[in-house]
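Got a structure for you, written out below as structure tokens; questions coming shortly.
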Amino acid sequence: MLQRYDLACQTFKQQYILNATYFKEGGPILFYQSNEATTITCPDTLILADWAKELGGLTATLEHRYFGQSLPFGNDSYTQENFKYLTLENVMQDAVNFIDFIKSNVTGASNSKAIVVGRSYGGTLSAIFRQNYPDVFYGAWAVSGPFYAFGDSTEIGQEVQQTYLRQSYAAFSRIKQAFSNVKSLVASGDEPTLAKELSLCQAPNVTDAAGVVTFNYWLVGAYDILTQFSFMPSYFHNVSGPVLPTVINDTLSAPSPLAALNQTLWHAYGGDAVAVPSGKPCLDHTIALPSSINIAAVPFSWVRCNWVPLNNALDPRGIWQIGAPLPPSASDPSAGCKALWNVTTPPGAAIKAKYRIADADLRASTRIIFSVGELDPTTSVAQNGLGDAVGTDPDQAVRVFVAGGGHGQDLEQYDPGADWQSVVDARNIELNIIKGWLNGTAAASTTVPSSSSADASSSATARATSA
């Protein structure tokens with residue numbers, strides 16, 4: 001249905017994937033809510049497929065309206081007028097209707113319990129669904145959801161630099177020096193050297209403050225995505241093994257700090273390098289994210305302006321700042337919403353209160369797993385307000401910390417080439433918690449022994465804490 005409570009019953013086609021191969025009567029519905037991606041996620045590429053087999057459940061994915069092929073107005077969907085149907089209320093209703101559809105059309109599913117799962121923005125959605133429709137969504141697994149980035153000053157940039165510092169002080173020092181060198185080149189107006197040293201197709205206009213900020217975010221973004229998706233070497237250029245060790249080793253072996261930065265930029269953005277007929281390929285710093293990250297920027301900008309006002313402002317105290325420090329509003333993506341969509345973004349606190357995801361709400365929530373990864377910068381703004389004691393109540397909300405884990409790595413299917421033991425342990429914890437929900441019993445164990453990760457210099461645990 002196009003609009004919630006629409007008496008005219010206007011409809012549109014929404015893409016979904018459903019697999020009931022292992023389903024047994026009354027088994028759980030493992031429902032993955034797709035996020036801001038340009039293509040729908042097949043649930044059989046996730047750990048949910050293995051769990052469905054073990055639990056006698058089915059897997060299902062619903063594509064987010066206005067993303068991928070689920071466009072209510074086809075090629076005309078991305079207009080100010082037509083975006084008015086892209087609301088959080090409608091997104092929630094889509095999911096509710098989809099669960100009703102499954103229960104009505106899959107034999108034996110009428111009394112099945114639905115567990116909603118999502119990652120990143122989708123992780124936030126999964127908690128919102130559970131909090132606002134508890135009768136429909138029996139439980140939720142919120143993977144790497146940025147709950148504390150809603151309009152507030154964030155620490156994501158600081159978390160990124162701390163990740164590299166923990167990996168190697170020597171590499172961190174070279175990264176810091178590289179940014180200092182770039183800052184000097186910007187200050188001196190030496191655009192030719194900047195372009196040459198960093199393989200840029202065109203240097204940023206160093207006299208344009210906004211352009212320098214965009215360039216700054218592009219540089220920092222390379223280090224962000226390389227640790228965030230440290231388990232996905234296929235996302236990156238010239239990376240065949242574990243991502244973070246590759247970046248660290250190349251940083252240490254480069255002939256200079258700027259050469260190290262250049263190599264990192266190629267790892268992050270080289271897959272989208274621009275071919276030059278008369279010379280070497282170059283990097284376009286105006287492309288915010290590599291295409292491998294798979295984000296539909298236009299509809300997601302509407303989402304961010306209306307109910308997910310993520311603030312990725314850089315802390316001027318960190319190593320990343322280039323150019324004059326700007327007020328928070330200049331770095332806040334929601335600041336441009338008035339010009340872009342003629343909307344005023346609601347305060348983050350108001351959104352969290354309205355949809356029951358404020359800190360107090362989440363502390364009091366039930367049957368929600370909040371999982372976060374050690375190497376994921378989003379962890380700095382993810383749910384962290386749960387207590388340390390794990391109780392015997394199977395319905396307690398639980399936070400699972402994945403040692404050495406990247407952005408939603410525990411949601412992926414098992415990969416012997418990328419998953420170290422702590423990630424496997426985390427999945428076992430999460431599965432046992434869900435079993436406890438379904439059976440009405442506490443998980444047998446929510447703490448596992450320490451295990452070394454491929455990217456972490458010290459051993460850590462996959463551990464759970466509860467409210």
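The values are calculated or read from the model by the stated rules, or taken from the named source; none is laboratory data. None of these values were measured; they are calculated from a predicted model. FYI the Cβ positions are ideal-geometry reconstructions off the backbone, even for glycines, and counts take in every protein chain you see.
May I ask you to verify whether S234 is at pLDDT 95 or above and surrounded by fewer than 18 Cβ atoms within 10 Å (Cβ to Cβ)? Before the answer, list the steps.
Working: at pLDDT 95 or above: no; surrounded by fewer than 18 Cβ atoms within 10 Å (Cβ to Cβ): yes.
For S234, the condition - at pLDDT 95 or above and surrounded by fewer than 18 Cβ atoms within 10 Å (Cβ to Cβ) - is not met.
Next question, about the same structure. Applying the selection to region 103-116, what residues are crowded, with 22+ Cβ neighbours inside 10 Å and either of a type in the set (V, I, T) or closer than 19 Å to Q14 by Cα (or both)?
I115, V116
Quick grid of which residues meet (1) more than 20 Å from Q167 (Cβ to Cβ); (2) surrounded by 20 or more Cβ atoms within 10 Å (Cβ to Cβ); (3) out of contact with any Asp or Glu (no Cβ under 8 Å at 6 or more places or on another chain); (4) at pLDDT below 95:
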| position | (1), (2), (3), (4) |
| --- | --- |
| D388 | yes, no, yes, yes |
| Y414 | yes, no, no, yes |
| V423 | no, yes, no, no |
| A462 | no, yes, no, yes |
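Something else about it: Quickly run through region 184-196 and pick out the residues that are buried (at least 19 other Cβ atoms within 10 Å of the Cβ) and closer than 18 Å to K280 by Cβ.
Within region 184-196, L194 is the sole residue that qualifies.
Hey, among the residues in region 21-38 that are farther than 21 Å from F129 by Cβ and of a type outside the set (K, R), which one's nearest to the chain's Cα centre (by Cα)?
The initial filter retains those residues of region 21-38 that are farther than 21 Å from F129 by Cβ, namely 21-26, 38.
Cutting the leftovers down to of a type outside the set (K, R) gives us 21-23, 25-26, 38.
Values: T21: 29, Y22: 29, F23: 29, E25: 34, G26: 32, T38: 14 Å.
Going through the qualifying residues, I end up with T38.
Can G318 be described as surrounded by fewer than 18 Cβ atoms within 10 Å (Cβ to Cβ), touching a Gly at 6+ places or on another chain (Cβ under 9 Å) and modelled with pLDDT under 85?
So G318 fits the description; yes.
Please pick out the residue among G404, G417 that is in a loop (DSSP other than H, G, I, E, B) and at positive phi.
Only one candidate passes the filter, namely G404.
This table checks each residue for (1) surrounded by fewer than 20 Cβ atoms within 10 Å (Cβ to Cβ); (2) within 19 Å of W420 (Cα to Cα).
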{"position": "D224", "(1), (2)": "no, no"}
{"position": "Q228", "(1), (2)": "no, yes"}
{"position": "N238", "(1), (2)": "yes, no"}
{"position": "V243", "(1), (2)": "no, yes"}
{"position": "S253", "(1), (2)": "yes, no"}
{"position": "S256", "(1), (2)": "yes, no"}
{"position": "H267", "(1), (2)": "no, no"}
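For region 117-169: of the residues being more than 16 Å from the chain's Cα centre (by Cα) and part of a strand (DSSP E or B), which is surrounded by the most Cβ atoms within 10 Å (Cβ to Cβ)?
A140
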